[in-house]
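Coordinate-derived values only; no laboratory data. Remember, it's a predicted structure, so these values are computed and weren't measured experimentally. Here the Cβ is made from the backbone with ideal geometry for all residues, glycine too, and neighbour counts use every protein chain on show.
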Amino acid sequence: MKHLLFAAGVLCATEAVAETPVLTVYTYDSFVSDWGPGPSVEKAFEEVCSCDLQFVGAGDGAALLARLKLEGARTKADVVLGLDTSLTAQAAETGLFAEHGQSPVVDVPNPFGEPGTWSDQHFLPYDWGFLAFVHDKTKLAEPPKSFEELAASETKIVIQDPRSSTPGLGLMLWVKALYGDKAGDMWGALADNIVTVTPGWSEAYGLFLEGEADMVLSYTTSPDYHRIAEEDDSKAAALFDRHYMQIEVAGKLAGTDQPELADRFLQFMLSDAFQGIIPTTNWMYPAVTPSTGMPEGFASPLGQEQAVLLPPEDVPGMRDQALAEWRAALSQ
Amino acid sequence: MARGAFAITKGRFFGWVAAFVVATLLLGPVVAVFVHADSINDELTGEWATVRFTLVQAILSAFLSVALAIPVARALARRRFVGRGVLITLLGAPFILPVIVAVLGLLAVFGRGGVLNSALGWAGVEPISIYGLQGVVLAHVFFNLPLATRIILQGWQGIPGERFRLAASLDMAPRDVFRTLEWPMLWSVLPGAAMVIFALCLSSFAVALTLGGGPRATTIELAIYQAFRFDFDLGRAAMLALLQLVLAGGAAALALWVAVPMGFGAGLDRVVRRWESDGATVRVLDGGVIVLAALFLILPLTMVVLSGLAGLAKMPAAVYSAAGVSVLIALMSTCVTMVLALGLAQRAEIWGYLGLAISPMVVGTGLFLLINPVADPMALALPVIVMVNALMALPFSVRVLGPELRAIETDFGRLADALGMAGWARMRWLYLPRLRRPMGFSAGLAAALSMGDLGVVTLFAATDWATLPLQMYRLMGAYRMEAAAGAGLLLLALSLLLFWFFDRGGRVDVDA
């Protein structure tokens, strides 16, 4: 058996350097893509850590957690980057994560506590943003301004599966937070607008760019990417009254064989070197505004009066019911 | 003679060992699934939509494939034209075509930005979406229309030419020929063809994974994957596997039962002239049907080749290592398939067909449940995938080798007995030389099937390696469509190359 695995290992040629310590970070696919933050972050951290930082893309954010549960204590991951506050309670419950032992000052609007503080003991934030439906202004001049208008319109949307994707999960909680017991009805009304449900953000955004749908569930900052990186001003986010907020976090695995390196990575994550990369690669607001400030042309965030976010500890109790409503409405 | 009798027992022994291995590998996981399944009553309600979609898409796929295959098979049966042989050979191609490659081709033709919708756009028609039920059924028809056409074409060619001559001399109209000759043939062939396609589509995974969308278009196989990958809920995965076992097992049993042979009596084996359908209208109609069917098959593949050539340069290195892993898996699983098939074909053919009733995801779930408590399933991914691929190719190999082996026994068995040839000697000097062609063909099938498989690997693959189909799926997921197209072309080329290599190997310098 061993030599078969060896053969596969040689073919994959991943475990090449044995001397330098390797820090394995599981993250979502778009983070490691060529245009994502992965390549720059890897370069920046390897300059200071004398280690080999390896990002491993494992689907979208929520699938990361399932992957960890599947691998359990055997996981090769030292750090997981790409969960969000909708998943942190569930993730901490697995017992797979260690406490980070840091008390950072962050620029994340905190609807649950003192601004600037961060209370989660297991996970540290690295960026945040607001979910929104993104459309092409030249093709859809007057986008819907609410879920009701969207449901009543003929507009076709692509969304992500809440079981595998953090934006998908955010959308489900967004609808649940706004409509409570009526959330199932809202999904029923939205069902005929949904072209397809993808496992992750990358697939959905790709389908939208390909023209398979009029709008895609993404972020208010996605048009900034097209404007700044591609000098294309045609994309815009449809503004609703309130938008679900997403705070993306990372955590250290309890079973890591590189605990110190993992700690250093988490510290590095909140430093200028990492945070400066985030806006123009991950297209989110950095958790700590870099000293160079935000890049020119980046839209300022929505005000807190427009934000919706369920407290992390409330999510597990609500998720199953919301998911059942979602599935029932969309499987008709 | 005593020595001969002893050695024959040894040959039988080999067959029973193979049967035992297959039964253990397939039924062991099934038992594990039974043990781990959540309470059916509580969970079934939530899965009703999944069961319904699985059945609806399979019924639609079977019905449409067969209904569309009738005119195609009829046109092929009564027309002779340049390239007819090539076209009929091409009808066999989808069988060894990797599903994900076909999906990429179908997207290029039927997707929102594809050829068809561009044409519709010119005509001012609203674009059609390829996602959901229509996309899944479209892909299934793409794969199964050729299969149905071949089955029905065989039916047509089974009608002796003399009957048509007689019909012509009785001055029968096409309608009468249909009623007296063709309809009875169709009536005996169609149910079997439809059942086989229905059973195949019930276990659809890769198509539903890529073209299905959300809860509305989820097959049970896909739901098993989601229970693993989205929720890591092993109890639900096992429960779904149980459901799948009942449905697919039932359908496979039904397919075997329905496939009743027909008897028209023997006729001279020659190209049949059809006097009643010599009219110009019928000719044009037949021509149109043949052109449409050929386009439906060839256009997506052409798109794969064209976009693939452009994408070859953009493939990341991971694609090449994935190709290496896939070729390795294909070669190893082909070896396993051939050894098991040789054993089963001798004495226990029926066990070879067990893989038709038990879907890959069910076996995968069961193996995961068995391995997980004692070892890291991901570390055993390679042998597991080799084994599952081997078991899934087994029914086809046994089907090819079984009749050949029986024919050899009838012709040479007594001579071999008299010579005291048994066991390995009988295998080496009698079976292997005579089985070379069918063995080459079925090894080619097994290798190509394994090469293109995207199934259990999605449950077991770790993040740092992949098979080529999985790597291609990941590239599509990360929206690197050009690189995915390149990988698709590579996958297509390797699948065909493996098939050709084995099939050809079975044909050259045959000395027996």
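Here are a few things to note about the model shown:
- FRET E, pair A:GLN306, A:ASP232, Förster distance 30 Å, beta-carbon r, rounded to 0.05: 0.70
- Distance (nanometres) between label positions extended 7 Å along Cα→Cβ at B:THR410 and A:GLU93: 6.5 nm
- Residue mean of other protein chain beta carbons inside 10 Å, B:328-340: 1
- Those lysines that a straight Cα-Cα span of less than 25 Å connects to A:LYS137, excepting residues fewer than 8 apart in one chain: A:LYS145, A:LYS156, A:LYS235
- Sites listed here are GluC sites (Glu not before Pro) in the stretch A:105-205 whose DSSP assignment is loop and whose Cβ has at most 16 other Cβ atoms within 10 Å: A:GLU154.
- Counting 0.36 nm for each residue step from B:ASP376 to B:THR89 and taking away their Cα separation leaves a gain of 98.9 nm.
- Cross-link reach is defined here as a Cα-Cα straight distance under 15 Å, omitting same-chain residues fewer than 8 places apart; for B:LYS314 the aspartates and glutamates meeting it are A:ASP34, B:GLU482.
- Counting only DSSP H runs of at least 4 residues, each contributing -39500 (n - 2.57), and dividing by the residue count of chain A, the helix-based mean residue ellipticity at 222 nm comes to -10500 deg cm²/dmol.
- Note that the stretch B:182-198 has calculated 3J(HN,Hα) couplings of 7, 4, x, 5, 4, 4, 8, 9, 4, x, x, 4, 5, 5, 4, 5, 4 Hz, one per residue in order, obtained from phi through the Karplus relation 6.51 cos²θ - 1.76 cosθ + 1.60 (θ = phi - 60°); glycine and proline are x.
- When the helices of chain B are scored as -39500 (n - 2.57) per DSSP H run of n ≥ 4 and the total is divided over every residue, the value at 222 nm lands at -24500 deg cm²/dmol.
- Close amide H pairs (under 5 Å, H built 1.01 Å from N) link A:ASP127 with A:GLU248, A:ALA287, residues at least 5 positions away or on another chain.
- Put a dot 7 Å past the Cα of A:SER103, heading toward its Cβ, do the same for B:GLN154, and the two dots end up 7.8 nm apart.
- In degrees, nearest ten, helix A:315-330 long axis to first principal axis of chain A (Cα): 50 degrees
- Only alpha carbons enter this Debye calculation for chain A, each as an equal point scatterer, and the log10 of I(q)/I(0) it gives at q = 0.09, 0.10, 0.16 Å⁻¹ is -0.47, -0.58, -1.45.
- Gaussian network model of chain A, springs between alpha carbon atoms under 10 Å - residue of A:ALA191, A:ALA177, A:ALA152 with greatest fluctuation: A:ALA152
- Between A:ALA307 and A:HIS243, the built amide H atoms are under 5 Å apart, and every one of these is 5 or more places off in sequence or on another chain.
- Cut-off under 5 Å, modelled amide H: who pairs with A:ASN110 long-range: A:GLY116
- Net charge contributed by nearby residues that have their C-beta within less than 13 Å of B:LEU435 (K/R +1, D/E -1): +4
- Computed over neighbours whose Cβ is under 15 Å from that of A:SER146, the net charge equals -2, Lys and Arg +1, Asp and Glu -1.
- The Cα trace of the protein assembly as shown gives Rg and Dmax of 29.3, 97 Å, the first to one decimal, the second as a whole number.
- A simple charge model with +1 on the Cβ of Lys and Arg, -1 on the Cβ of Asp and Glu and nothing else charged puts the dipole of the protein assembly as shown at about 5300 debye relative to its Cα centre.
- Rounded to the nearest 20 debye, the dipole magnitude of the stretch B:53-305 is 500 debye, with +1 charges on Lys and Arg beta carbons, -1 on Asp and Glu beta carbons, and the Cα centre as origin.
- For a straight C-alpha distance cut-off of 19 angstrom, the lysines reachable from A:LYS252 (same-chain residues fewer than eight places away being disregarded) are A:LYS69, A:LYS76.
- Sorted fewest first by neighbouring Cβ atoms within 10 angstrom, B:LEU498, B:LEU391, A:LEU209, B:LEU87 come out as A:LEU209, B:LEU87, B:LEU391, B:LEU498.
- Proximal charge balance of A:SER33 [Cβ under 14 Å; K/R count +1, D/E count -1]: -3
- Global form of the stretch B:53-305, assessed from the alpha-carbon gyration tensor, a/c cut-off 1.5: oblate
- Karplus-derived 3J(HN,Hα) values for the stretch A:279-295, using 6.51 cos²θ - 1.76 cosθ + 1.60 with θ = phi - 60°, are x, 9, 10, 8, 6, 9, 7, x, 5, 10, 4, x, 4, 6, x, 7, x Hz; glycine and proline are entered as x.
- The stretch B:324-337 - phi-based ³J(HN,Hα) in whole Hz, Karplus 6.51/-1.76/1.60, Gly and Pro as x: x, 4, 5, 5, 4, 4, 4, 5, 5, 5, 5, 4, 4, 4
- Projected label distance in nm at A:ASP257 and B:TYR320, using a 7 Å step from Cα toward the beta-carbon: 2.9 nm
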